[in-house]
Amino acid sequence: MRRISDRHWRPGDLIPGEVELAEEFGCARATVNRALRELADIGLLDRKRKAGTRVALNPVRKATVEIPVIRQDVEARGKDYSFDVLDRKDLAPSAILQQHYGLAASTPLLGLWTLHRADTYPFAYEERWINLAVVPEILDADLELLSANEWLVRNMPLSRGEFTFSAGNATAAESELLNCPEDAALFIVNRSTWMVDDAITAVRLVYAPGFSMKTVV
């Protein structure tokens, strides 16, 4: 898991076989097999008979933690998706972020403020920070072409997440962005994800009035 987190094994990479890993770690092959099976069960590895074991290209499809792609949500509703990055800044973690996420004061963060649209109408407003110590590659990504939400789902495996769902009243800024009355009731999602003990990103999503979420179990 650490090698996946550190990108030593990247999405799609074929990893060493069980015999080679058992020799490297000085353990029984059965132990390696069990470890690989557990990583496959949470969606970080794809295992196929006679084809070997690879790091999953789209780990969230199998993982216990599933991160929705906003574009897919909009398109599933029969609407055209677009987005604009409203602001982008280099950040230093506040004392609260350091305490909650275990970040060092020197941890470099990327802050992004994004407005997602459905058929040109506001769909969701996103406030996000990304841990550049864990995901430095995102600095090379064109986040005006592919949203940070979708880039992270495609490229960054995760092992756990924290979700909070709530309702809130639109602030003056949110009412302008989402084209709704000030104090309108809004659906809000706060989400954080980790790879092992390293925080990857945290995001606050504020959805326009009328938004509904469906889950299937």
| message | Given the criteria modelled with pLDDT of 95 or more and either in a helix (DSSP H, G or I) or among the hydrophobic types (A, V, I, L, M, F, W, C) (or both), does LEU57 qualify? | response | no
| query | Between a first residue in region 110-139 that is at positive phi and assigned by TED's automatic domain parsing to the domain that holds ALA202 and a second residue that is of a type outside the set (S, T, N, Q) and part of a loop (DSSP other than H, G, I, E, B), which pairs have beta carbons less than 8 Å apart while being 6 or more apart in sequence or on different chains? | reply | ASP119/LYS79; ASP119/ASP80; THR120/ASP80
| When region 152-177 is examined, which residues are found to be more than 16 Å from the chain's Cα centre (by Cα), assigned to a strand (DSSP E or B) and either under 14 Å from LEU205 (Cβ atoms) or outside the structural domain of PHE83 (by TED's automatic domain parsing) (or both)? | PHE165, SER166, ALA167, GLY168
| Residue that is under 23 Å from ILE42 (Cβ atoms), at pLDDT 95 or above and surrounded by 12 or more Cβ atoms within 10 Å (Cβ to Cβ), where the choices are ASN155, ASN131 | ASN131
| task | Name every residue in region 1-29 that is at pLDDT below 90 and among the aliphatic types (A, V, I, L, M), in order of residue number. | result | MET1, ILE4
| remark: Of the residues in region 179-208 that are modelled with pLDDT under 95 and not in a strand (DSSP E or B), the one that is nearest to MET1 (Cα to Cα) is VAL196
| Unmet criterion (only one of (1) buried (at least 20 other Cβ atoms within 10 Å of the Cβ); (2) over 12 Å from the mean Cα position of the chain (by Cα); (3) not β-branched (Val, Ile, Thr)) for ASN149 | (2)
| Test for THR107: is it touching a helix residue (DSSP H, G or I) at 6+ places or on another chain (Cβ under 7 Å) and surrounded by 14 or more Cβ atoms within 10 Å (Cβ to Cβ) | no
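The values are calculated or read from the model by the stated rules, or taken from the named source; none is laboratory data. The model shown is predicted, which means the values in this text are computed figures rather than measured ones. As a convention, Cβ positions derive from the backbone with ideal geometry for all residues, glycine included, and neighbour counts pool all protein chains shown.
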